[in-house]
Amino acid sequence: MLRVFTLYSGSSGNCTVIDIDGRAVLVDAGFGVKKTQKALEAAGLSFNNVEGIFVTHEHTDHVAGLMTICKHYRIPVISNQATLDAYYAENSEFDTSLFCPMPVGAVAARDCFEVTSFHSPHDSAECVGYRIKTKYGDVGVLTDAGEGTKEIRSSLNGCKILVFESNHDKNMLQTGPYPYYLKRRISGPNGHLSNDQSAEMIAEFLDSGLENVILAHLSRENNTPRAALATAEAFISAKGAEIGKDLSVFAAPPDELSHIFTCN
């Protein structure tokens, strides 16, 4: 059985779980050991089920929990060398024996799954997304990207489940309280995907077998679940499809478990 969900997802912390027959991998760990452990237990898992933590990039909301989690459980941390170096530069007490460098585009294989990384345009050392291949279908995880590149589209084409960034509503961002430089960063080509950008790609992936989507990394200040879902629905409807019939879409909450997609 395959289960996919987020433990938490937003500007404060991010963590996605891919559970394949009780063998789990995490993508990112933005909160510490206690909060993450409690969230895992709510989903019927523990750190004993976790075989690795795949890191997208070194920004705090994606790596703040690594130190305490790995101190207690010594779980391998997998990412490209640039990201691991950037993380270590700010966390020199981390035990680097747990680092497992994985060049972008390489494959980390186990008997029941394979994880492949791909470039994602974001203002970090070398941000990536991941595709997890399982016998139940493929899962794509993309939480930070400024635009939908050809590499992203080709890397996620054919996925059955996506955990996909839908960070901000364009109008809310532009009329909101953020200073100009921050608005420009978020909306730029190395920032975050807007609801429109996200929904356009999700609608595109319908043609390649996409069935389930978790909208991730929603901004508290510049988005709402309702706005993100409404935008996704509009683009999906324009393709002649219907949420709830042709595709399941849920917005991930910032501080608790998301909807859990299950495939047998």
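What follows draws every value from the coordinates through simple rules; no lab data is involved. Computed from a predicted model, the values in this text were never measured in an experiment. Neighbour counts run over all protein chains shown; Cβ positions are idealised from the backbone, glycine included.
Remarks
- Taking the charge dipole of the chain about its Cα centre, with +1 at Lys and Arg Cβ atoms and -1 at Asp and Glu Cβ atoms, the residue from ALA82, GLY148, ASN264 reaching farthest to the positive side is ASN264.
- Legend: translational diffusion of region 127-264 by Stokes-Einstein, Rh = Kirkwood radius over C-alpha pairs, 20 °C, 1.002 mPa s; D = 142 µm²/s.
- Lys pairs under 13 Å by Cα in region 2-254, provided they are eight or more residues apart or on distinct chains: 4
- With q set to 0.16, 0.20, 0.25 Å⁻¹, the log10 of I(q)/I(0) for region 1-65, from the Debye formula over equal scatterers at the Cα positions, is -0.43, -0.68, -1.06.
- Normalised per residue, the volume of the convex hull around the Cα set of region 1-143 (Å³): 96 Å³
- Under the criterion of Cα pairs below 8 Å and six or more residues apart, the relative contact order for the chain equals 20 percent.
- Kirkwood Rh (inverse of mean 1/r, distinct Cα pairs), the chain, angstrom: 18.1 Å
- Among 194-200, 89-95, sorting by the average number of other beta carbon atoms lying within 10 angstrom of each residue, highest first, gives 194-200, 89-95.
- Working note: Debye formula, equal point scatterers on the alpha-carbon atoms of region 98-193, no solvent; log10 I(q)/I(0) at q = 0.12, 0.16 Å⁻¹ is -0.45, -0.72.
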